[in-house]
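Report on the following structure.
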Amino acid sequence: MENLLVLTHVDESGAALTKASLESVAAGVEFAGALGAALVIGIVGANPDAAAGTLAGTGARVLTIAGEAFAQARYASDAAACKALCRAAEATIVFAPASSRFARVIPGVAYRLGGFADTHITALAKSETLEATRWFYRQRIEAVVKRETRPWFLLLEGGTRAAWVAGAGEIQSETIAVTLPEMRSTVSGTRAPKQDEQTIRPEAKILLVAGAGWTKKQADGQVHAAEAESLILGFLRSADASLGSSKSLVDQGGENQTVLKVMSHLNQIGQTGSTPRHAKGLSTCCHGEEPHVVGWRFINERRAISLDPNCGWARGKADVVYVADAFKVMAKVNALLAEK
Ligand SMILES: Cc1cc2nc3c(=O)[nH]c(=O)nc-3n(C[C@H](O)[C@H](O)[C@H](O)COP(=O)(O)OP(=O)(O)OC[C@H]3O[C@@H](n4cnc5c(N)ncnc54)[C@H](O)[C@@H]3O)c2cc1C
């Protein structure tokens, strides 16, 4: 019989589990049932008891790792915590959220326990045994993976299933002791951009993509980069959108051309960029060439604003194309959002 362990960790408040952790919990509940496996849920955090309450209704045995050493992410303490939870649960299959905290420790934990880790899992299924799906080669090839090696660690991509919602009942958790190795790293704090300076927002409902057209000479023969930046940032703020870019726009910095300061290569969408998941996407001043549009694979509803009626978007790649000046359209959209 399989023993299924779901590894989870607390969020920044320290009092709740992250959304990605709760998605892994939902996967654990579903597949423990399907596999006839015993379900154990492990929590890592300074004071995990408050967060344990959200596991009511799972029917799982709940194990916690508690203490100040686990308040923040650090490889040595997190790896020791996950290893202790795997041992205590005698885990044969382990689900964990592909968060930055766990994605970097799980392969090491799998190695220490003689197991195997698979990353970027987007779907799970049960036939005779557990099957995990992931994409390769920039989302062009979809593979279904089965393994006999145990323990088998699966890092589940965020946003691929609904999060667990607490049911009725109380949780009795057991605290597991961990022997920490000598700590060479001390976490002195976190330095991160303020939320409104952070332009990549994976949880946003809408993705705004800016293309190179924003920094090209416009009808008056001039470049309007400052206006472009202000229109883009205005929309991001009012719509709480995430910001993507075409490759041409972020590459311009290296060519000493006009750049938008809010952009970096991290914003790039496409074949050599990212493939984000958002309910809607709005492309502006971008030509919609295939190497860019391939990154829109998981955007459900696509709209584009381009001056060029023959752009790639107009050739069947968008649901709606506005053949219009994006400066004018976005100024109007921002004004309407401000009224709201
Ligand atoms: C191997 C390879 C990998 C690549 N990977 C990627 C990738 O990952 N991501 C990516 O993006 N690209 C990638 N590319 C490049 C891609 O093919 C295109 O060159 C790039 O996406 C073009 O960017 P763009 O549409 O912003 O710029 P442009 O092609 O310059 O298009 C600008 C558009 O803006 C429009 N425009 C200008 N002013 C306005 C205005 N006022 N209002 C409305 N529209 C306006 C113009 O009509 C034009 O259509 C790759 C290419 C190769 C060969």
Exercise for review: Please tell me the relative contact order of the chain in percent, rounded to the nearest whole number, where contacts are Cα pairs under 8 Å and at least six residues apart.
Suggested key: 14 percent
**Study point:** For the range 98-129 versus the range 255-286, the gap between their alpha-carbon centres in whole angstrom
**Key:** 30 Å
**Study point:** Equivalent ellipsoid dimensions for the range 188-272 as semi-axes, Å, which come from the Cα gyration tensor, largest first
**Key:** 23, 15, 13
Point to revise | Crossing angle, helix 326-339 versus the chain [Cα axis fit, 0-90 degrees, rounded to tens] | key: 60 degrees
Study note, to complete from the structure: Comparing SER185, SER21, SER77 in a Gaussian network model of the chain (Cα, 10 Å), the one with the largest mean-square fluctuation is SER185
Exercise for review: Determine the percent antiparallel among the DSSP beta bridges restricted to the range 42-141, to the nearest 5.
Suggested key: 60 percent
Review point. Is the range 224-289 rounded, prolate or oblate when judged by the Cα gyration tensor, a ≥ b ≥ c being the square roots of its eigenvalues, rounded requiring a/c under 1.5 and prolate requiring a/b larger than b/c?
Key: oblate
Point to revise | Within straight-line cross-link reach of LYS332, lysines at Cα separation under 29 Å, skipping those fewer than 8 residues along the same chain | key: LYS194, LYS205, LYS216, LYS217, LYS247, LYS261, LYS280, LYS317, LYS340
Review point. Which of TYR137, TYR322, TYR111 moves the most in a Gaussian network model of the chain with Cα springs under 10 Å?
Key: TYR137
Review point. In the chain, what % of DSSP beta bridges are antiparallel (nearest 5)?
Key: 15 percent
**Study point:** Stokes-Einstein D for the range 211-340, Kirkwood Rh over Cα pairs, 20 °C, 1.002 mPa s (µm²/s)
**Key:** 144 µm²/s
Review point. Angle between the Cα long axis of helix 19-35 and the longest principal axis of the chain, 0 to 90 degrees, nearest 10?
Key: 50 degrees
Review point. Using heavy-atom solvent-accessible surface (probe 1.4 Å) with all chains present, what is the largest-first order of ILE305, ILE206?
Key: ILE206, ILE305
Point to revise | Loop GluC sites (Glu not before Pro), the range 135-182 (other Cβ atoms within 10 Å of the site Cβ: 10 or fewer; DSSP) | key: GLU148, GLU170, GLU182
Practice item. May I ask you to give the average projected area over all directions of the convex hull of the Cα atoms of the chain, in nm² rounded to one decimal? Key: 20.2 nm²
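The values are calculated or read from the model by the stated rules, or taken from the named source; none is laboratory data. Remember, predicted model here, so these are calculated numbers, not experimental data. Note that each Cβ is placed from the backbone with ideal geometry, even for glycine, and that neighbours are counted across all protein chains shown. These accessible areas exclude ligands, DNA and RNA; they are computed on the full protein's heavy atoms, side chains included. Shrake-Rupley method; radii C 1.70, N 1.55, O 1.52, S 1.80 Å.
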